[in-house]
Amino acid sequence: MPIYEYHCEDCDSSFETLVQPGHNEIQCPSCNGVKISREMSVFASRGGISAAKPHSETAMMRGGGGCCGGSCGCC
C-alpha cells in the first residue's frame, strides 16, 4: 500500500495516509472534510560520492543521507 500526502481545503491541514487499492474516498483526519487534494511527495535522495576519489576524507565526512549515511542517527 502506498503512502500519499494530501492537503485538506476545508481546514488547511496537510496529512499523509496509506491508500488501499480500490479505496478512493479520503477524509481529513482533523475535520473529516472531503475537499482533499493530493500533494507532490518530497523524497530523500542519497548524496553521491565522487567516483574519482571515492575514499577521500572529504567524501567520507560528507556522508550520504538516508539510512547508514549518517542522517538518520542510527550510525
Regarding residue 57, is this residue modelled with pLDDT of 65 or more and acidic (Asp, Glu)?
no
Can you name every residue in region 10-25 that is over 16 Å from residue 40 (Cβ atoms) and either in a loop (DSSP other than H, G, I, E, B) or in contact with a helix residue (DSSP H, G or I) (Cβ under 7 Å, 6 or more places away or on another chain) (or both)?
10, 11, 12, 13, 20, 21, 22, 23, 24, 25
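The values are calculated or read from the model by the stated rules, or taken from the named source; none is laboratory data. Owing to the predicted nature of the structure, the values given are computational and were not obtained by experimental measurement. Every residue, glycine among them, receives a Cβ derived from its backbone with ideal geometry; neighbour counts consider all protein chains shown.
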